[in-house]
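The values are calculated or read from the model by the stated rules, or taken from the named source; none is laboratory data. Predicted, not measured: the structure shown is a model, and the values here were computed from it. All Cβ positions, even for glycine, are placed from backbone atoms using ideal geometry, and neighbour counts span all protein chains on display. For the accessible areas, the whole protein counts, side chains as well, though only heavy atoms, and no ligand, DNA or RNA atoms are used. Shrake-Rupley method; radii C 1.70, N 1.55, O 1.52, S 1.80 Å.
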Amino acid sequence: MSQSYSLQKRLLINTSIVLVFFILAMSAVLLKAYESGIRQATFERLTAQFYGLLSVAELEEKDQLFIPEEPQIDQRFNQYASGLSALVYDETETLVWSSISAEEIEVKVPLSLPGEPKLYDLKLPDKDYFQFHFVTEWESLEGDIALYHFMVLENKRAYNQVVSAYRNKLLMWLGVLALSLLFVLFLILRWTFRPMRKITEELSQVKQGLSDKLGDNYPKEIQGLTDNINRFIVNERDQSKRYKETLANLAHSLKTPLAVMQSALQNQVESHELSRISEEQLERMNQIVGYQLQRATSGPRVMAERIKIAPAIEKLIAGLSKVYSQKGIKIQAKVEKQISANLSEGDLYEICGNLTDNACKWAKSKVLITAKTLDNKTIISIEDDGPGIPQHVQAAVLSRGKRLDETVEGQGIGMSIVREIMEAYKAKIEIEKSATLGGAQINLIFKNN
């Protein structure tokens, strides 16, 4: 399995490779330039030595070149094994003169034209030399021309020592520079990738439930990424919350059909009536499941189509009357056939079903459902003759899980379902005291577009 490297490590490795290549190339260039400078200085120095030697040379009467045995120029020529030697050859490459310091050096005469100074590298079995070569022309009194090869040799030991010392210092300082650059680059990369580490830490906190989202203080290059992650987190949290709430809503909505069927069984109704009730309530349960699944995926479905209110209210009353028959609750409806509202049938069942069920739980004996049209609005009112809802808790009862009395059966989610659906339709909920029955009255107000 291949090893995975972080972006920071990848950049450091790649930069190190490039830096090493650059350092080696730069050291080679600098070393070459330094060697060229020393060679040029050596060439000029040996040229000066050649001219000094040429100044003491004379052509004798027999056309023989004469140079003193110990020329009074550079005393190193007159010291044995001094490292600076001179040799002179005639045009037949016969040695005609050598300095005392030459140590019986045998040198092959290179090819060269008269008047062109050359500098060569001479490798001998035991030593290396710089070889300066110059071909001179001498004219005798009779007009004859004689060629002589002047060679000045200098031991390369000092040159090699200087170049080696320079190379060592160069590599040392370039190595220090490379390490310094890598350290600075490491610090820069640490600072550059700090937002990425921060994202990782904050995501870990979100995963552990210690934080709700990523922070906002990020560079603009990754701000879009963090914003999208935050939106994803919010959407996932909302989706998870919606699924959980849907399960609770589904269980809550199925209670009424199940209670109707249970009541029919307990009252031992006739078989054909039990069959009708079961079929009717199973169909209602199927509608509830489909409705809750739709809400879980896309939320409440706000429809522009108007539906009649009366048929849905009649079905609700028929079902709930059976559930609360033993409690002696009388449910009445005063809804004209032509009154309609802009909402889906499933949402109407959910809203009115929850409110009517709550009214039956709190009522002493009567529940009244009315609907009317006023000022281009449809108002559905559900009243009971129970104790009512005090004004200081009216806002709380619309929250999920909040219950007015823990002794009354329920989970405290029915009213929150009503609030969520009403908000989706931009409709209003009003809670007040019933003027006719004396208990609570909840008004659902829909605009007629």
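Tabulated results
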item	result
Selection within region 17-39 - within 16 Å of residue 177 (Cα to Cα) and not hydroxyl-bearing (Ser, Thr, Tyr)	17, 18, 19, 20, 21, 22, 23, 24, 25, 26, 28, 30
In region 112-122, residue nearest to residue 155 (Cα to Cα) [restricted to those that are part of a strand (DSSP E or B) and open to solvent by 30 Å² or more (accessible area, probe 1.4 Å)]	121
Flag for residue 409 being modelled with pLDDT under 85, open to solvent by 20 Å² or more (accessible area, probe 1.4 Å) and of a type outside the set (Val, Ile, Thr)	yes
Single unsatisfied condition, residue 222 versus (1) open to solvent by less than 40 Å² (accessible area, probe 1.4 Å); (2) closer than 30 Å to residue 420 by Cα	(2)
Top-ranked residue in region 384-396 [being modelled with pLDDT under 80 and either touching a Ser or Thr at 6+ places or on another chain (Cβ under 7 Å) or hydrophobic (A, V, I, L, M, F, W, C) (or both); ranked as most open to solvent (accessible area, probe 1.4 Å)]	395
Which numbered condition residue 125 fails, given (1) under 30 Å from residue 43 (Cβ atoms); (2) not in a loop (DSSP other than H, G, I, E, B)	(2)
Single unsatisfied condition, residue 234 versus (1) among the hydrophobic types (A, V, I, L, M, F, W, C); (2) open to solvent by less than 70 Å² (accessible area, probe 1.4 Å); (3) in contact (Cβ under 8 Å) with a residue 60 or more places away in the chain	(3)
Complete set of residues in region 83-99 that are surrounded by fewer than 18 Cβ atoms within 10 Å (Cβ to Cβ) and under 19 Å from residue 130 (Cβ atoms)	83
Yes/no for residue 158 being under 24 Å from residue 73 (Cα atoms), part of a helix (DSSP H, G or I) and of a type outside the set (Phe, Trp, Tyr)	yes
Region 12-45, residues that are out of contact with any Pro (no Cβ under 8 Å at 6 or more places or on another chain), among the hydrophobic types (A, V, I, L, M, F, W, C) and in contact (Cβ under 8 Å) with a residue 40 or more places away in the chain	12, 19, 20, 23, 26, 30, 31, 38
Lone unmet requirement of (1) in a loop (DSSP other than H, G, I, E, B); (2) in contact (Cβ under 8 Å) with a residue 60 or more places away in the chain; (3) not polar (S, T, N, Q) for residue 210	(2)
Condition check for residue 424: of a type in the set (Gly, Ala, Ser), touching a Lys or Arg at 6+ places or on another chain (Cβ under 7 Å), modelled with pLDDT under 85 and surrounded by fewer than 17 Cβ atoms within 10 Å (Cβ to Cβ)	no
Qualifying residue in region 50-71 (condition: assigned to a helix (DSSP H, G or I), open to solvent by 40 Å² or more (accessible area, probe 1.4 Å), modelled with pLDDT of 85 or more and under 15 Å from residue 155 (Cα atoms))	no
Single condition residue 180 does not satisfy, out of (1) among the small types (Gly, Ala, Ser); (2) under 30 Å from residue 16 (Cα atoms); (3) at pLDDT below 90; (4) loosely packed, with under 12 Cβ neighbours inside 10 Å	(3)
Criterion (on the phi < 0 side of the Ramachandran plot, part of a helix (DSSP H, G or I) and under 22 Å from the mean Cα position of the chain (by Cα)) met by exactly one of 288, 222	222
Criterion (among the β-branched types (Val, Ile, Thr) and part of a loop (DSSP other than H, G, I, E, B)) met by exactly one of 20, 88, 29, 109	109
Failed item in (1) over 17 Å from residue 36 (Cβ atoms); (2) exposed (fewer than 15 other Cβ atoms within 10 Å of the Cβ); (3) modelled with pLDDT of 90 or more, with residue 140 passing the rest	(3)
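Rundown of residues vs (1) of a type in the set (A, V, I, L, M, F, W, C); (2) under 30 Å from residue 9 (Cα atoms); (3) free of Cβ contacts under 8 Å to residues at least 40 places away in the same chain, yes/no style:
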residue	(1), (2), (3)
109	yes, no, no
116	no, no, yes
122	yes, no, yes
148	no, no, no
179	yes, yes, yes
193	yes, yes, no
